[in-house]
Each structure stands twice: as structure tokens, then as C-alpha cells.
Amino acid sequence: MAILEDICSFLQKGRAPKVKELVQQAIDEGLPAKDILEQGLLSGMTIIGEKFKNNEVFVPEVLIAARAMNAGITILKPHLVSAGVESKGTAVIGTVRGDLHDIGKNLVKMMMEGKGITVIDLGVDVSPEQFYDAAVENKAQLVCCSALLTTTMNEMKNVVEIFEEKGMRDAVKIMIGGAPVTESFCQAIKADCYTPDAASAADAALDFCT
Ligand code: B1M
């Protein structure tokens with residue numbers, strides 16, 4: 001579809017207003033929100049990621065592409081999720097200490113909210129202590145950790161450990177995800193659940209919360 005290619009292309013150029021306009025147009029034309037997300041927004045971000053890896057673009061370009069992605073997601077959000085009326089449980093979510101990537105985490109949050117789960121978003125660069133304090137304060141059933149860097153994914157182990165140290169490990173489930181994270185890593189650090197994408201994270205969260 002030409003419009004999805006245009007979204008992909010303008011996202012790479014970081015043209016947030018144009019991306020917003022095209023996402024709205026695609027919705028108005030009746031294109032499925034999932035296609036707009038995957039074939040428009042995410043495919044543009046994947047190309048930027050490859051170029052970043054090959055030193056063809058640099059941090060500023062990636063940042064403005066990320067802003068354009070977030071702008072598009074804002075328009076798409078009501079069409080991706082159907083708001084739950086009554087809270088089905090509480091989850092705390094954040095990107096782990098040292099890590100500033102939040103696009104995937106925001107998608108996971110959005111999909112969980114769409115399932116009717118109350119999500120406390122701690123943002124990025126979240127320490128194990130912050131995860132712990134927020135979970136206790138909000139009586140959360142689930143703690144969700146996102147990491148995009150091989151250097152920061154090990155922070156997830158520290159999150160599991162702080163709940164163990166404080167005698168709260170049985171009171172919460174810990175879910176982990178993000179591009180470098182795997183099922184075997186999840187088992188190695190004794191987290192409860194790894195999910196590869198936002199939709200499966202939301203499904204798993206619902207199982208844990210209800
Ligand atoms: Co960064 N970066 N970055 N970056 N960046 C990556 C991750 C990288 C793979 C690029 C590359 O080299 N190809 C690479 C990591 C290499 C590695 O560790 N193996 C990298 C690097 C090296 C860096 C810096 C170190 C670069 C530098 O400064 N030299 C630096 C680190 C800063 C820091 O965090 N301390 C850095 C900085 C940045 C920006 C700030 C410029 C920007 C982030 C902006 C932002 O997030 N607001 C950025 C971006 C945008 C990327 C890429 C291009 C895109 C990431 C993204 O948003 N993808 C990325 C390359 C790539 O992934 N292709 C890259 C789209 C998003 C929807 O996917 O987050 O994977 P993702 O989320 C998915 C799933 O993983 C899953 O669901 C989501 C969708 O379904 N998921 C979960 C995510 N969290 C989950 C949690 C769950 C379950 C599922 O349960 C709790």
C-alpha cells in the first residue's frame with residue numbers, strides 16, 4: 001500500500017506532523033491499525049535501526065525518527081486498544097537502569113491498558129529499588145521490565161533479586177522483554193515470563209493479573 005510506504009519513509013525522515021497526518025488518513029481509509037503499525041511505523045523504525053547499526057545515520061536522526069514514531073502511535077492508540085472499563089489488576093512497568101529506550105515499553109503499556117490492566121509507568125532508567133517501591137506502594141501483581149541493550153538487560157537479574165531479598169518474590173510476577181531478551185535468559189535469571197512482543201505481553205499480563 002502506497003500510504004504505508006509513505007508512513008515508513010516519512011518516519012525515517014523524522015517528519016512527525018506528516019507521519020501523524022498519514023496515520024490519520026490511513027485510519028480514515030479503513031486500513032487495519034495492526035497493518036499501519038507493522039508495515040508503516042515499525043518497518044520505518046527497523047530500517048532506521050539497520051542504518052544506525054551500519055553508521056549510515058546517527059543518534060539525532062534516530063531520535064527524531066523515534067519522535068515521529070511516537071507521534072504516529074499517539075494517533076493509532078485508540079484504534080489498537082479497546083479501553084477496559086474496570087481495572088483487571090495492576091502492573092508496574094519501566095525500562096531498566098541505564099537504558100533510555102522507551103518505544104517498545106510504551107507499546108507494551110498501551111496494549112496492557114487495552115486489556116483493562118492499570119499500568120504504573122516508571123519511565124526509563126529505572127532502578128531495582130524503584131521497581132520494588134512502586135510494586136509495593138501500588139500493590140501490583142506484576143512487574144514488567146524492558147531492556148534494549150545487551151549491557152542493560154542484566155539489570156533485570158537485579159530486579160528479580162531485590163524482590164527475593166525483601167521476601168516479596170512470591171507476591172509478584174516478573175515479566176521481561178525487549179529485543180536482546182530471550183526465553184533462556186528469562187530462565188537463567190529466574191524471572192517468571194518472557195514475551196517477545198507487546199501483544200503477547202498484554203495477553204500474559206492478563207493471565208497473571210486475573
Ligand atoms: Co538505540 N540501540 N542506542 N537508541 N536504538 C538499539 C537498541 C541498537 C540495537 C541499534 C543497533 O546497533 N542496531 C543498539 C543496541 C545494541 C545492543 O546492545 N545489542 C542501540 C545502541 C547501541 C544505542 C546507544 C548505546 C547508541 C550510542 O549512544 N552509541 C544508545 C544507548 C542509550 C541508552 O539507552 N543509555 C542508544 C540510543 C538510542 C536513542 C535515544 C537515539 C533511540 C531511543 C529513543 C527512544 O526509545 N525514545 C534509539 C533507538 C530508537 C534505537 C532503535 C533504532 C529502535 C528501537 C525501537 O524503538 N524499536 C534500535 C535498533 C532496532 O531495534 N532496530 C536501537 C521499536 C520498538 C517497538 O521495538 O523496543 O524492541 P522494541 O520493543 C518490542 C519488543 O522488543 C517487545 O515489544 C515491542 C513491540 O512489540 N518489548 C517487550 C519491548 N519491551 C518489552 C517488555 C516486555 C515484553 C515485550 O515485557 C515486560
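All of the numbers you see were taken from the coordinates with simple rules; none came from a lab. From a predicted model like this one, the values you see are computed outputs, not experimental measurements. All Cβ positions, even for glycine, are placed from backbone atoms using ideal geometry, and neighbour counts span all protein chains on display.
Worth a mention:
- Sorted largest first, the spans of the alpha carbon positions of segment 124-178 along the three principal axes are 28, 19, 16 Å.
- Between helix 16-28 and the chain there is an angle of about 90 degrees, using the helix long axis and the longest principal axis of the Cα atoms.
- Compactness of segment 86-159, expressed as Rg and Dmax over alpha-carbon positions, Å: 11.6, 38
- Derived from the Cα gyration tensor, the three semi-axes of the equivalent ellipsoid of the chain are 31, 20, 13 Å, largest first.
- Nearest-ten-degree value, helix 128-137 long axis tilted from longest Cα axis of the chain: 80
- Charge dipole (debye, nearest 20) of the chain; +1 at Cβ of Lys and Arg, -1 at Cβ of Asp and Glu: 200
- Straight-line cross-link reach from Lys53 at under 28 Å between alpha-carbon atoms covers these lysines, not counting any fewer than eight positions away in the same chain: Lys13, Lys18, Lys20, Lys34, Lys105, Lys109, Lys157.
- Compared with the dominant principal axis of the Cα atoms in the chain, helix 43-53 is inclined by about 80°.
- With only Cα atoms counted, segment 47-119 has Rg and Dmax values of 15.0, 47 Å.
- Spatial separation of Cα centroids for segment 16-41 and segment 42-112, in angstrom: 15
- Paramagnetic reach from Met168 in segment 129-153 [backbone N under 19 Å; point 7 Å along Cα→Cβ]: 129-146
- Share of Cα-Cα pairs in segment 8-79 lying beyond 16 Å, as whole percent: 40
- For segment 1-41, the equivalent ellipsoid built from the Cα gyration tensor has semi-axes of 15, 10, 8 Å, listed from largest to smallest.
- Computed over the chain, the per-residue total of -39500 (n - 2.57) for DSSP H runs of n ≥ 4 gives a 222 nm mean residue ellipticity of -16000 deg cm²/dmol, rounded to 500.
- With eigenvalues of the C-alpha gyration tensor scaled by 5 and rooted, segment 149-210, Å: 18, 17, 8
- Under 5 Å, built H, 5+ apart or other chain: amide partners of Ile174: Val143, Asp192, Cys193
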